[in-house]
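Scroll down for the structure; my scribbles are underneath it.
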Amino acid sequence: MSFTYDDVGATRETGFCPPGFHPLHVRTRIGEGEDVFRRAAEAVMTWEMHRAMGVGIDASADRAATDVDVTVTLAGMIKAPCRVVWTVEEYRRTGWAYGTLTGHPECGEEAFVVERTGDGTVWLSVNAFSRPAKWYSRAAGPATRGLQHAYARRCGTVLRRLSGDGT
């Protein structure tokens with residue numbers, strides 16, 4: 001399957017949004033400390049965060065890695081094929097991004113990155129750019145973008161719970 005957009009890998013640059021796409025940036029505080037960071041990073045890299053949100057994940061590998069194919073299933077009906085386009089695993093920053101493939105209801109890219117700042121605070125950033133690719137996502141108009149924002153906020157809520165930080 002082919003990517004459905006040209007700027008593959010562009011979510012590496014926070015804030016970039018190609019012309020004709022809608023940007024998304026949601027940053028959620030997850031907790032504090034090295035242990036929280038490690039648990040959050042592992043949950044993101046192993047699809048645990050997504051599965052805990054109740055979405056179906058069918059991936060060609062147990063961990064996110066470049067060129068891993070992933071099909072996300074929403075509500076048991078909508079299948080969204082993607083491919084991981086980049087990953088990062090650094091001392092204070094871990095995550096990945098996937099891009100949409102033919103058959104996905106949207107067109108674009110989405111990144112999930114856990115970061116531990118200098119003061120020890122752990123954050124999840126969900127950055128994306130997208131536009132409708134199927135008739136039903138076009139018909140839903142702004143409601144689709146609202147659902148995308150809600151999904152990104154829910155990622156933070158679920159990851160906070162999975163990381164085990166009670167603050």
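The values are calculated or read from the model by the stated rules, or taken from the named source; none is laboratory data. Note that the structure is a prediction, hence the values are computed from the model and not measured. Here the Cβ positions follow ideal geometry from the backbone for every residue, glycine too, while neighbour counts run over all protein chains shown. Side chains included, ligands, DNA and RNA excluded: accessible areas come from the protein's heavy atoms. Shrake-Rupley method; radii C 1.70, N 1.55, O 1.52, S 1.80 Å.
General remarks:
- Relative contact order (percent, whole number), the chain, Cα cutoff 8 Å, 6+ residue spacing: 31 percent
- Separation of the Thr117 and His25 label points, Cα + 7 Å toward Cβ, nm: 1.4 nm
- Applying 0.36 nm per residue to the separation of Asp58 and Lys134 and subtracting their alpha-carbon distance, the gain on full extension is 25.2 nm.
- For region 1-53: rounded, prolate or oblate by the Cα gyration tensor [a/c cutoff 1.5]: prolate
- Largest-first principal axis extents, alpha carbons of region 108-167, Å: 44, 20, 14
- Among Ala140, Ala111, Ala41, residue whose mean-square fluctuation peaks in a GNM of the chain (springs only between Cα atoms under 10 Å): Ala140
- As a fraction of the 1.4 Å probe accessible area of region 1-159, surface on carbon and sulfur atoms comes out at 52 percent.
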